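Have a look at the structure below, then the notes.
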């Protein structure tokens, strides 16, 4: 039997990149998956492609709107019979110097990245608690929660909040048999990073300089970590932030010294 046979998962922000990679790995592990994203047209094409891997249903949802998130979780239960796994992956970013940052930028990023995770986590946990069968909630944070990039205050704050929220939720939901963990990805090749990293680094022709493994991560690396956290093997793991970054944070001082020409 596959690791997650009979389980039902919801993945937000699943139309591309990390979210799609997570959905793929969950399907391969035997779960039935509801993929959610705000843009419905792109989501339908992804649903069609992922259906070759298993049972998948697409549902358009803006996670910054509580009523839409509630409807998403109801859709999972009505379509597949339960809701056992939530992956709160939907996110956005905004880059501007702190002195120039607008209130609109702040509200938009925090509304999706933090409030949207709160809405998603609460809605899923309510249904898991009512069913009485436990569950697994996985929040997608970032290594930026621990080390900020320039001009990224809203994103950094939102991901720091996600990591803290995972711990708070883990404590509150333990009595219901619900585990809550966060994953902090490093550089993962996706639509957003493809415009930054040269193709030679993405393809592996040149070593990636920011981590000891010298490669850019793939969405499937995050997906396989999600599968483990949602599996019985991780049943004693809750309130943790799992870093998946090729050792980037562990080697931060080495990278800094190399940049300064000391190595």
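The values are calculated or read from the model by the stated rules, or taken from the named source; none is laboratory data. Computed from a prediction, not measured in an experiment: that's the story for all the values here. Neighbour counts run over all protein chains shown; Cβ positions are idealised from the backbone, glycine included.
Structure data summary
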read-out: Flag if residue 14 is surrounded by fewer than 21 Cβ atoms within 10 Å (Cβ to Cβ) and in a loop (DSSP other than H, G, I, E, B); value: no
read-out: Qualifying helices (runs of 4 or more DSSP H) (wholly inside segment 150-263; at least 3 residues being at pLDDT 95 or above, buried (at least 21 other Cβ atoms within 10 Å of the Cβ) and touching a strand residue (DSSP E or B) at 6+ places or on another chain (Cβ under 8 Å)); value: 153-173, 219-230
read-out: Given (1) under 21 Å from residue 17 (Cβ atoms); (2) surrounded by 16 or more Cβ atoms within 10 Å (Cβ to Cβ); (3) at pLDDT 90 or above, number of the condition residue 118 does not satisfy; value: (1)
read-out: Residue count, segment 125-144 (criterion: under 13 Å from residue 184 (Cα atoms), touching a residue at least 40 places away in the same chain (Cβ under 8 Å) and part of a helix (DSSP H, G or I)); value: 1
read-out: Checking residue 5 against (1) over 25 Å from residue 217 (Cα atoms); (2) free of Cβ contacts under 8 Å to residues at least 12 places away in the same chain; (3) out of contact with any strand residue (DSSP E or B) (no Cβ under 9 Å at 6 or more places or on another chain), the condition it does not meet; value: (2)
read-out: Residues that are assigned to a loop (DSSP other than H, G, I, E, B) and buried (at least 20 other Cβ atoms within 10 Å of the Cβ), drawn from segment 21-52; value: 29, 31
read-out: Filter result for the condition that a residue is in a loop (DSSP other than H, G, I, E, B) and surrounded by 17 or more Cβ atoms within 10 Å (Cβ to Cβ), over 83, 110; value: 83
read-out: For residue 134: the one exception among (1) within 25 Å of residue 156 (Cα to Cα); (2) modelled with pLDDT of 95 or more; (3) touching a helix residue (DSSP H, G or I) at 6+ places or on another chain (Cβ under 8 Å); value: (1)
